[in-house]
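What follows is a set of notes on a single structure, which appears directly below.
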Amino acid sequence: MQETYRVPVTRADRIRAGLALQLVAAATGITVDEMTAPVRLKGRVCRARWLALYTAYVTFGWPLERVAHAFGLNRATAAAACRWAEDGRDHPTVDALLERLELCVSQLLEAPTCELPA
């Protein structure tokens, strides 16, 4: 029996993807569980996930394939999300939200790493 090919995704990539999802959830009121449900997403939930994908793409500087794999999706889905989000920048509210998300992520990543005691 042939196993399904799975792209290795690092723990750090999953954590960063989770950060993008959590920030979008906080900003939109759409839960991470809704955005990551293993079903075809529709409407606001789909667009919220697209915001998270685009946030990861822009702030982490990842190629689309890496974005897709970190979120457990395919490259075509990540590309469509980023196209939609980029087009959404023509709308002031979407652009303002994306600016805030990018700023939040940038500030967190630029902060010194906090090593917690064991």
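Thr93 versus (1) out of contact with any helix residue (DSSP H, G or I) (no Cβ under 9 Å at 6 or more places or on another chain); (2) outside any helix (DSSP H, G or I): which is the lone unmet condition?
(2)
Consider only pairs whose beta carbons are under 9 Å apart and that are at least six residues apart or on different chains; among these, list those whose first residue lies in the stretch 22-43 and is without any contact (Cβ under 8 Å) to a residue 40 or more places away in the chain and whose second residue is of a type in the set (S, T, N, Q) and outside any helix (DSSP H, G or I).
Listed by first residue and then by second, the contacts come to Ala25/Thr31.
Of everything in the stretch 70-84, what is out of contact with any His (no Cβ under 9 Å at 6 or more places or on another chain), surrounded by fewer than 22 Cβ atoms within 10 Å (Cβ to Cβ) and outside any loop (DSSP other than H, G, I, E, B)? Give them in sequence order.
Ala76, Thr77, Ala79, Ala80, Cys82, Arg83, Trp84
Picking from Thr55, Thr59, which residue would you name as being open to solvent by 20 Å² or more (accessible area, probe 1.4 Å) and closer than 12 Å to Leu101 by Cβ?
Thr59
Here's the yes/no breakdown for (1) closer than 24 Å to Thr113 by Cβ; (2) β-branched (Val, Ile, Thr); (3) touching a Leu at 6+ places or on another chain (Cβ under 8 Å):
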| site | (1), (2), (3) |
| --- | --- |
| Gly43 | no, no, no |
| Ala48 | no, no, no |
| Leu53 | no, no, yes |
| Tyr57 | yes, no, yes |
| Val67 | yes, yes, yes |
| Leu73 | no, no, yes |
| Cys82 | no, no, yes |
| Gly88 | no, no, yes |
| Arg100 | yes, no, no |
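Could you tell me which residue of the stretch 68-85 is nearest to the chain's Cα centre (by Cα), considering only residues that are within 15 Å of Gly18 (Cα to Cα) and in contact (Cβ under 8 Å) with a residue 24 or more places away in the chain?
Applying the filter and picking the extreme gives Phe71.
Could you tell me how many of the residues in the stretch 30-52 are in a helix (DSSP H, G or I) and either surrounded by 14 or more Cβ atoms within 10 Å (Cβ to Cβ) or of a type in the set (S, T, N, Q) (or both)?
11
Pull out all pairs, ordered by first then second residue, where Cβ-Cβ is under 9 Å, the residues are six or more apart or on different chains, the first lies in the stretch 91-118 and is among the hydroxyl-bearing types (Ser, Thr, Tyr), and the second is surrounded by 12 or more Cβ atoms within 10 Å (Cβ to Cβ).
Note: pairs meeting the criteria are Ser106/Thr59.
Tell me which of these Thr113 doesn't satisfy, since it passes every other one: (1) open to solvent by 100 Å² or more (accessible area, probe 1.4 Å); (2) of a type in the set (Val, Ile, Thr); (3) part of a helix (DSSP H, G or I).
(3)
The values are calculated or read from the model by the stated rules, or taken from the named source; none is laboratory data. What you are looking at is a predicted structure, and each value in this text was computed from that prediction instead of being measured. As a convention, Cβ positions derive from the backbone with ideal geometry for all residues, glycine included, and neighbour counts pool all protein chains shown. When the accessible area is computed, the model is the full protein with side chains, heavy atoms only, and any ligands, DNA or RNA have been set aside. Shrake-Rupley method; radii C 1.70, N 1.55, O 1.52, S 1.80 Å.
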